[in-house]
Structures are given as structure tokens and as C-alpha cells.
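The values are calculated or read from the model by the stated rules, or taken from the named source; none is laboratory data. Being a predicted model, the structure only gives us computed values, none of them experimental. Glycine gets a Cβ as well: all are built from the backbone with ideal geometry, and neighbour counts include every protein chain shown.
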Amino acid sequence: MFIGEYRHTVDEKGRVAVPARFREQLVETPVITRWLDSCLAIFPKGDFDQLAAKVAALPLGDPNARTFRRHVFAHAFELELDRQGRVLIPPSLREWAGLTGEAVVVGGHDHVELWAPETWDSYSAAMSAPEVLAEHLQGLGF
């Protein structure tokens, strides 16, 4: 399970260090893609395969399903961790997510999220307001 929040530098080549506690789960060909809320997601290969199966089961006639399918798969890339535990984020994904200079690496249970610091700070602040959090939890069984 991926948990926690970390801040790491995005170097001049577009590499980001993966937190040490996440690396063991990402040794077998992780996959990065555009994700929700303007962040990137890195999935272990097995979890990405499970996501792919769920998306493949969505009705092709549903325009929302087609949009989500294209959003995730058209921008997905396989990654490799280098000896220092870094991954090279493709330029198109760095640009889309606004990753320049620094990235916030956030545990997302079954995946890792990469956020531009200002986007994460804004999102996190809004999510931390008790009334906003309570509103988001309505209907989720909590």
C-alpha cells in the first residue's frame, strides 16, 4: 500500500526520486499515466493491468467510458527505476502536470501520485476544511 506525502526535486533530465518505501512495490515495470485532478499516477504493473481490465469492461457505447479510456491509455508509459531509485517522467506528462523543479509524491493506496506543488497545496488545503471533507464523504458509507 502506498501512503504518505514526500517532496522531491525534478532534475534537469526530468527524473524524480521514488521514496524508498515505495520502490519495492515498483520494481516490476511500473506504468505512469495522466490521472484525475491534474496529477500523474504511477501504478505497479499488476495494478495497472487490473485497472486496464476494469476499463476494458466498460461499455464502448458510453462516451464517458471512451473519454476515460483515452485519457488513461493514450498517455501511459512504462517506467524503469534507475540505480538511485529515480524514474524518468516523459516530457509530455511533466508538461501536462506542471512538474518543474519539484514534485509532491503522494501515496494513493494502490498507486503513487505526482503533483505540482502548488496544485497539491491548493487541493490539500481545500480537502482539509472539515465541512468540505464531510461533504465529500457523504454517500460513501463513512
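The table that follows gives values for the structure above.
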| item | result |
| --- | --- |
| Residue identified as touching a Ser or Thr at 6+ places or on another chain (Cβ under 7 Å) and among the basic types (Lys, Arg) among Lys13, Lys45 | Lys45 |
| Given (1) surrounded by 12 or more Cβ atoms within 10 Å (Cβ to Cβ); (2) free of Cβ contacts under 8 Å to residues at least 12 places away in the same chain, index of the condition Tyr123 fails | (2) |
| Hits in segment 59-73 - residues which are of a type outside the set (A, V, I, L, M, F, W, C), free of Cβ contacts under 8 Å to residues at least 24 places away in the same chain and either closer than 22 Å to Ile32 by Cβ or assigned to a helix (DSSP H, G or I) (or both) | Pro63, Asn64, Arg66, Thr67, Arg69, Arg70 |
| Identity of the residue in segment 12-71, among the charged types (D, E, K, R) and touching a Phe, Trp or Tyr at 6+ places or on another chain (Cβ under 8 Å), that ends up farthest from Pro90 (Cα to Cα) | Asp37 |
| Number of positions in segment 80-116 that are free of Cβ contacts under 8 Å to residues at least 60 places away in the same chain and outside any loop (DSSP other than H, G, I, E, B) | 2 |
| Test: residue in segment 117-131 that is out of contact with any Ser or Thr (no Cβ under 8 Å at 6 or more places or on another chain), modelled with pLDDT under 95, of a type outside the set (Ser, Thr, Tyr) and not in a helix (DSSP H, G or I) | yes |
| Segment 87-113, subset surrounded by 19 or more Cβ atoms within 10 Å (Cβ to Cβ) and of a type outside the set (A, V, I, L, M), residue nearest to Gln25 (Cα to Cα) | His111 |
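Per-residue answers, yes or no, for (1) under 13 Å from the mean Cα position of the chain (by Cα); (2) more than 15 Å from Val16 (Cβ to Cβ):
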site: Ser38; (1), (2): yes, yes
site: Gln50; (1), (2): no, yes
site: Val72; (1), (2): yes, yes
site: Glu80; (1), (2): no, no
site: Arg86; (1), (2): no, no
